[in-house]
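The values are calculated or read from the model by the stated rules, or taken from the named source; none is laboratory data. Nothing here was measured: the structure is a model prediction, and the numbers come from that model. FYI the Cβ positions are ideal-geometry reconstructions off the backbone, even for glycines, and counts take in every protein chain you see.
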Amino acid sequence: MARLRTDSRVKECKAFSAWVRGRLAERQERQEDLTAVLGTSRQALSAKINNRAEFTLMDIVTICEHFGQSFTVMSNVK
């Protein structure tokens, strides 16, 4: 079953994609360099960066680590 993408979720996805594109440009890396880090195809990464597919949580964590950014997931489960 496909998940419903709300407006706020779409904005978050677009913001993360823009951040990834910015870091790639800043570090003069190509998408192919990031595919090696993620262990995915160029087509799959392109679809995620262009918001045709969603990044997984593992993708996000790996990308943040690659770019030297901390990523913390906090959960308030009761």
Filtering region 6-59 down to residues that are without any contact (Cβ under 8 Å) to a residue 12 or more places away in the chain, assigned to a loop (DSSP other than H, G, I, E, B) and not β-branched (V, I, T) yields Q28, E29, R30, G39, S41, R52, A53
Against the definition (modelled with pLDDT of 95 or more, small (G, A, S) and surrounded by 14 or more Cβ atoms within 10 Å (Cβ to Cβ)), how does A47 come out, yes or no? yes
